[in-house]
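Beneath this line is the structure, given in structure tokens, with notes to follow.
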Amino acid sequence: MRTMPAGEFKAKCLAVMAEVNSTGQPVLVTKRGKPLARVVPSEEQKPKESPESIFGCLRHMGVITGDIVSSEFTDKEWDRMFDEKWDRLEKGPTE
């Protein structure tokens, strides 16, 4: 690993970063002989297996088959089911 004093790094910062990016070799920046920072090449962000957010975590896991907007019941069937449920609620619990 190449070592460089902080003053020299400050003067050649952009060139050093370009070199690290192209060669892949990290550079250790020192101040008065003691390690201060390490410049390393960045790794390209690969898509993670688990998403960072809960939104979209199940994408590509489902398949839409058919019409998802219209109902499978007719208006009359909906009315009948609603009336049956309403009648049960009005009568209350049966003993």
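The values are calculated or read from the model by the stated rules, or taken from the named source; none is laboratory data. Values in this document were obtained by computation on a predicted structure and should not be read as measured data. Methodologically, a virtual Cβ is constructed for each residue, glycine included, from the backbone with ideal geometry; neighbour enumeration extends over all protein chains shown.
Annotations
- Looking only at the range 1-27, and only at residues there that are β-branched (Val, Ile, Thr) and assigned to a helix (DSSP H, G or I), the one that is farthest from SER42 (Cα to Cα): VAL16
- Look at (1) in a loop (DSSP other than H, G, I, E, B); (2) loosely packed, with under 11 Cβ neighbours inside 10 Å; (3) at pLDDT 90 or above and you find that LYS76 fails only one, number (1).
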